[in-house]
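The next block holds one structure in the form of structure tokens; read it before the comments.
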Amino acid sequence: ERSQMANQADYAAALQRAGVNVFGLQVNGQQVSGTVGSGQERVKAVQAIQSVQMDAQVNIQVNEGFADMGGGAAGGRTYTVKAGDTLSKIAKETLGDASQWKKIDEANRDAIPNPDLIRPGQELTIPG
């Protein structure tokens, strides 16, 4: 019998075993929240979280922009460019720092001949 509450590391380990990348995973008592790239990933994430703590309150959002290449802990993930996006905007959203745009540019050198000309619908690799 486990009387203590599960912590973030417990959930992170279960999600990794399930092969799900949850971005911005937050654990606050019984509440577990974060974002995944698809509805299918959300189902896997919820099952993994409930396998750790059956009565956890799960709040997992789906954001297609975070669609994952099946990368796991390696940190390789993809981002689908939306209208109005710039590399610095994507860097701020995915890496938390707009000045990291050059890393995204380097990781996608083949796909981005000119960093000022990215197209909506383009799949970019976001470095870990």
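The values are calculated or read from the model by the stated rules, or taken from the named source; none is laboratory data. Keep in mind the model is a prediction, meaning the values are calculated, not measured. Glycine also receives a Cβ, built like all others from the backbone with ideal geometry; neighbour counts cover every protein chain displayed. Heavy atoms of the whole protein, side chains included, go into the accessibility calculation; ligands, DNA and RNA do not. Shrake-Rupley method; radii C 1.70, N 1.55, O 1.52, S 1.80 Å.
Filtering the range 16-32 to residues that are within 17 Å of the chain's Cα centre (by Cα) and not basic (Lys, Arg) leaves Gln16, Ala18, Gly19, Val20, Asn21, Val22, Phe23, Gly24, Leu25, Gln26, Val27, Val32.
Taken over the range 1-16, the residue count meeting the criterion of being in contact (Cβ under 8 Å) with a residue 40 or more places away in the chain, in a helix (DSSP H, G or I) and either open to solvent by 60 Å² or more (accessible area, probe 1.4 Å) or touching a strand residue (DSSP E or B) at 6+ places or on another chain (Cβ under 7 Å) (or both) is 2.
Gly19 - would you say it is of a type outside the set (S, T, N, Q) and in contact (Cβ under 8 Å) with a residue 40 or more places away in the chain? Against the criterion (of a type outside the set (S, T, N, Q) and in contact (Cβ under 8 Å) with a residue 40 or more places away in the chain), Gly19 qualifies. The residues of the range 23-43 that are touching a Gly at 6+ places or on another chain (Cβ under 7 Å) and open to solvent by 40 Å² or more (accessible area, probe 1.4 Å), listed by number, are Gly24, Gln26.
Scanning the range 90-128 for residues that are farther than 21 Å from Asn21 by Cβ and open to solvent by 100 Å² or more (accessible area, probe 1.4 Å) yields a count of 8.
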